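Novice: Handing you this structure, nothing more for now.
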Amino acid sequence: MWSTCWDVINSHPWVVPPGQGSSEGWTPLALRGITPRVAMCVGKCSRIVGPCLLALGTLSVAANILLLFPGGTSKYLLEGHISKHAKVVPGVWGGGFPVLLAAAHTTAVGWRCAGCSNCGTRHNAFISAVLSKLALLGATACFVLSGVGLTNGPLCFYNTSEHGTLWDYPFLDAGCQEPDARTENYLYGCHTWSICLEPAGVVTWNVVLFSLLLLVSAAEMVLASLQILNGCLGCLCGFCEGK
């Protein structure tokens with residue numbers, strides 16, 4: 001008799017017996033079998049997105065720090081001859097720390113859920129969504145500032161026809177004088193990069209690292225947006241399937 005009753009209960013798609021996902025007795029469960037699958041997808045997504053954001057955030061910080069040491073030397077940083085867009089360090093406060101904070105929380109919650117059935121609370125999902133929004137804002141700021149830094153070109157020591165040698169932004173000046181000069185002579189004209197006398201190879205250094213920051217911050221924006229959606233689903237379904 002009792003076994004028959006339990007068979008009927010377990011076959012019902014809208015209820016969960018006490019001790020199986022609820023501590024308050026019988027509770028409704030919409031479309032049993034679908035919600036747990038969604039929750040598992042949320043947990044698995046967190047275990048993938050979290051480590052990816054950790055790697056990207058670390059790469060962003062490293063790239064921006066390297067921008068402060070053109071040619072691998074601290075001489076120009078000590079002298080103050082560093083591009084203002086590099087000194088703002090958008091890869092640290094924008095694409096770095098906020099992303100790393102969101103990634104650490106997402107990774108911790110996601111992988112902890114891999115080993116237990118009741119750790120992915122809706123509270124953790126809400127925190128993950130909030131931190132991911134901060135990461136999205138930081139990555140967006142990093143993307144914009146890196147784009148401006150790449151477009152304006154580096155600060156370097158070069159020779160001008162009017163003022164002799166000086167520290168300035170030669171490609172930005174050229175762009176101001178001739179509307180199309182910056183495009184022709186800078187990003188699409190590698191032969192003009194030799195105009196910068198010091199630091200050696202600074203144009204290549206800036207182009208490579210700012211381009212890297214652009215790619216990293218773009219990937220961070222995509223993953224942070226995905227985690228925001230993932231966190232919102234986690235608020236509704238939880239991170240893990242009850243066992």
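Novice: Could you pull out the residue among G57, G72, G50 that is over 24 Å from L236 (Cα atoms) and modelled with pLDDT under 95? Steps first, please.
Specialist: On the way: G57 fails: modelled with pLDDT under 95; G50 fails: over 24 Å from L236 (Cα atoms).
Testing whether each residue is over 24 Å from L236 (Cα atoms) and modelled with pLDDT under 95 leaves just G72.
Novice: Let me ask another. I'm checking my understanding of the structure. Among residues of region 205-235 that are closer than 22 Å to V130 by Cβ and open to solvent by 60 Å² or more (accessible area, probe 1.4 Å), which one is farthest from the chain's Cα centre (by Cα)?
Specialist: L233
Novice: Can you pull out the residues in region 145-167 that are free of Cβ contacts under 8 Å to residues at least 40 places away in the same chain and open to solvent by 50 Å² or more (accessible area, probe 1.4 Å)? Please lay out each step first, then the result.
Specialist: First, pick out the residues of region 145-167 that are free of Cβ contacts under 8 Å to residues at least 40 places away in the same chain: 151, 158-166.
T151, N159, S161, E162, H163, T165, listed by residue number.
Novice: Could we say that A174 is closer than 25 Å to T204 by Cβ, among the aliphatic types (A, V, I, L, M) and modelled with pLDDT under 90 here? Lay out the reasoning, then the answer.
Specialist: On the way: closer than 25 Å to T204 by Cβ: yes; among the aliphatic types (A, V, I, L, M): yes; modelled with pLDDT under 90: yes.
Yes: the conditions hold for A174.
Novice: Every residue in region 61-74 that is assigned to a helix (DSSP H, G or I) and free of Cβ contacts under 8 Å to residues at least 60 places away in the same chain, please. Break it down into steps so the answer makes sense when it comes.
Specialist: Within region 61-74, the first condition is being assigned to a helix (DSSP H, G or I), and the residues that meet it are 61-67, 70-72.
V61, A62, I65, G72, listed by residue number.
Novice: Could you please find all residues in region 84-103 being open to solvent by 50 Å² or more (accessible area, probe 1.4 Å) and assigned to a helix (DSSP H, G or I)? Give the steps one after another, and end with the answer.
Specialist: Here is the first cut: in region 84-103, the ones open to solvent by 50 Å² or more (accessible area, probe 1.4 Å) are 84, 87-88, 93, 97, 101.
Selection gives K84, K87, W93, F97, L101.
Novice: Of the residues that sit in region 65-81 and are exposed (fewer than 12 other Cβ atoms within 10 Å of the Cβ) and not hydrophobic (A, V, I, L, M, F, W, C), which one is farthest from L209 (Cα to Cα)? Explain how you work it out, then say what you get.
Specialist: Here is the first cut: in region 65-81, the ones exposed (fewer than 12 other Cβ atoms within 10 Å of the Cβ) are 72-74, 78-80.
Now narrow it down to the ones that are not hydrophobic (A, V, I, L, M, F, W, C): 72-74, 79-80.
Numbers: G72: 13, T73: 16, S74: 17, E79: 21, G80: 19 Å.
Across region 65-81, the extreme among qualifying residues is E79.
Novice: Yes or no: C235 closer than 20 Å to S146 by Cα and modelled with pLDDT under 85?
Specialist: On the way: closer than 20 Å to S146 by Cα: no; modelled with pLDDT under 85: yes.
Against the criterion (closer than 20 Å to S146 by Cα and modelled with pLDDT under 85), C235 does not qualify.
The values are calculated or read from the model by the stated rules, or taken from the named source; none is laboratory data. Computed from a predicted structure; not experimentally measured. Don't worry about glycine lacking a Cβ; one is built from the backbone with ideal geometry, like all the others, and counts go over all protein chains shown. Note: areas computed on protein heavy atoms with side chains; ligands, DNA, RNA excluded. Shrake-Rupley method; radii C 1.70, N 1.55, O 1.52, S 1.80 Å.
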